[in-house]
Amino acid sequence: MAGFAVPVLGRAAAVGLVLYFLGALWAHLRIGDRQLGVWAVFFCLPVAALAVNLAHHGTW
């Protein structure tokens, strides 16, 4: 919730979540798990939040 008041904090949280989910993708692919439907849904949420944040507040 603090990301609404401090846009840089929200942006940093979104970047952290994107990196977290990319690490999860790498781990799942590494063990051969190809059922990534749920991962895709949860990955799209922080990507969308980051895109909206950057569009609304500009770049870093």
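The values are calculated or read from the model by the stated rules, or taken from the named source; none is laboratory data. Just so we're clear, the structure is a prediction, and the values are computed from it rather than from any experiment. Cβ: placed from backbone, ideal geometry, glycine included. Neighbour counts: every protein chain shown. Side chains are part of the model used for accessible areas, which takes the heavy atoms of the whole protein and leaves out ligands, DNA and RNA. Shrake-Rupley method; radii C 1.70, N 1.55, O 1.52, S 1.80 Å.
222 nm [θ] for the chain, helices only, -39500 (n - 2.57) per DSSP H run of 4+, per residue, to 500?
Working: 3 runs with 49 residues, N = 60.
That comes out to -27000 deg cm²/dmol.
Using r as the Cβ-Cβ distance of Gln35 and Leu9, and R0 as 35 Å, what FRET efficiency do you calculate, to the nearest 0.05? Numbers along the way, then the final one.
Values: r = 33 Å, r/R0 = 0.96.
E between Gln35 and Leu9, to the nearest 0.05, is 0.55.
Report, to the nearest 10°, how far helix 37-57 tilts away from the longest principal axis of the Cα atoms in the chain, using its own Cα long axis and a range of 0 to 90°.
With both axes taken from Cα atoms, the answer is about 20 degrees.
Could you state the accessible area per residue of the chain in Å², with a 1.4 Å probe and every protein chain left in place? It would help to have the intermediate numbers written out before the result.
Details: 4500 Å² over 60 residues.
It amounts to 75 Å² per residue over the chain.
So what's the angle, to the nearest 10 degrees on a 0 to 90 scale, between helix 7-30 and the longest Cα principal axis of the chain?
In the chain, helix 7-30 runs at an angle near 10 degrees to the longest axis.
Roughly how many percent of the accessible protein surface of the chain is carbon and sulfur, given a 1.4 Å probe and a whole-percent answer? Kindly include the intermediate steps, with their values, before the conclusion.
Values: 3360 of 4500 Å².
For the chain, the apolar C and S fraction of the accessible surface comes to 75 percent.
For an R0 of 25 angstrom, estimate the FRET efficiency from the Cβ-Cβ distance between Ala51 and His28 and round to the nearest 0.05. Don't skip to the answer; put the middle values down first.
Details: r = 24 Å, r/R0 = 0.94.
Efficiency, rounded to the nearest 0.05: 0.60.
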